[in-house]
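Have a look at the structure below before the remarks.
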Amino acid sequence: EAGVVQSPRYKIIEKKQPVAFWCNPISGHNTLYWYRQNLGQGPELLIRYENEEAVDDSQLPKDRFSAERLKGVDSTLKIQPAELGDSAVYLCASSLVTASYTFGSGTRLTVV
Amino acid sequence: GESVGLHLPTLSVQEGDNSIINCAYSNSASDYFIWYKQESGKGPQFIIDIRSNMDKRQGQRVTVLLNKTVKHLSLQIAATQPGDSAVYFCAESVSGGYQKVTFGTGTKLQVIP
């Protein structure tokens, strides 16, 4: 089993540019999460999907962040335009209907 | 969660000794708790969980203790090994069908060979 796969692993962009992150969850996991982790802190939930439906996006800054999960499998998280404060690790996780998540290795975003 | 920026609490333990990592949780309605281990450059990895109807649960070399009275959670690692060096996060959740997990502040465990 490949686990949760994320790409790219690292991304450096200039502020005001767009960026997108991709996540492939574990096969059969209907719940998918995007978390943001700032240096030295715990992950914070951005959005949770049940199949293709976003059931909790209350922490997603909707003015610049968007996400989609087409066909209830892969997911993309986008930031447009990026700001310096968006520099962080963006983690994707998946689970069955329990809280025993499996996380991917994350995408480390640096905005300069 | 509460921010401690770059100043993660750090626990240094001699190899072979037991480690105890503590966590105070905030929501008295939380009824499910998880410990995660995060190694550098990787996502958090599930270690052990416990529900609020229990006060102790044991796994392989790890034990989680839950004290609901004072909203305190601890992770005990027996015979700590160099591979245990990582940042450990406790997390809490309020069940309701679909669970939203809130992570606490991490503790960095350094194992001294």
Kindly evaluate B:TYR98 against the criterion of being within 11 Å of chain A (Cβ to nearest Cβ) and either at pLDDT 95 or above or farther than 26 Å from A:GLN59 by Cα (or both).
no
- Message: Based on this model, can you work out whether A:GLY40 counts as open to solvent by less than 20 Å² (accessible area, probe 1.4 Å), at positive phi and outside any strand (DSSP E or B)?
- Response: yes
* Asked: Within the stretch A:8-21, is even one residue under 19 Å from A:TYR101 (Cα atoms) and open to solvent by 20 Å² or more (accessible area, probe 1.4 Å)?
  -> no
Check: Is it true that some residue in the stretch A:74-82 is open to solvent by less than 50 Å² (accessible area, probe 1.4 Å) and modelled with pLDDT under 95?
Finding: no
Filtering strands (runs of 3 or more DSSP E) wholly in the stretch B:42-95 for at least 1 residues that are open to solvent by 30 Å² or more (accessible area, probe 1.4 Å) and over 25 Å from A:GLY104 (Cβ atoms) gives B:45-51, B:56-58, B:62-67, B:72-77
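Quick grid of which residues meet (1) β-branched (Val, Ile, Thr); (2) over 23 Å from B:GLY106 (Cβ atoms):
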| residue | (1), (2) |
| --- | --- |
| A:ARG48 | no, no |
| A:ALA54 | no, yes |
| A:SER58 | no, yes |
| A:PRO61 | no, yes |
| A:ALA67 | no, yes |
| A:THR76 | yes, yes |
| A:GLU83 | no, yes |
| A:LEU91 | no, no |
Sole miss for A:ASN51 among (1) over 19 Å from A:GLY85 (Cα atoms); (2) open to solvent by less than 50 Å² (accessible area, probe 1.4 Å) is condition (2)
Checked the stretch A:11-67 for anything acidic (Asp, Glu) and within 13 Å of chain B (Cβ to nearest Cβ); matches are A:GLU44, A:GLU50, A:GLU53, A:ASP56, A:ASP57
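The values are calculated or read from the model by the stated rules, or taken from the named source; none is laboratory data. Note that the structure is a prediction, hence the values are computed from the model and not measured. We place every Cβ from the backbone using ideal geometry, glycine too, and count neighbours over all the protein chains shown. Surface accessibility is based on the protein's heavy atoms, side chains included, excluding ligands, DNA and RNA. Shrake-Rupley method; radii C 1.70, N 1.55, O 1.52, S 1.80 Å.
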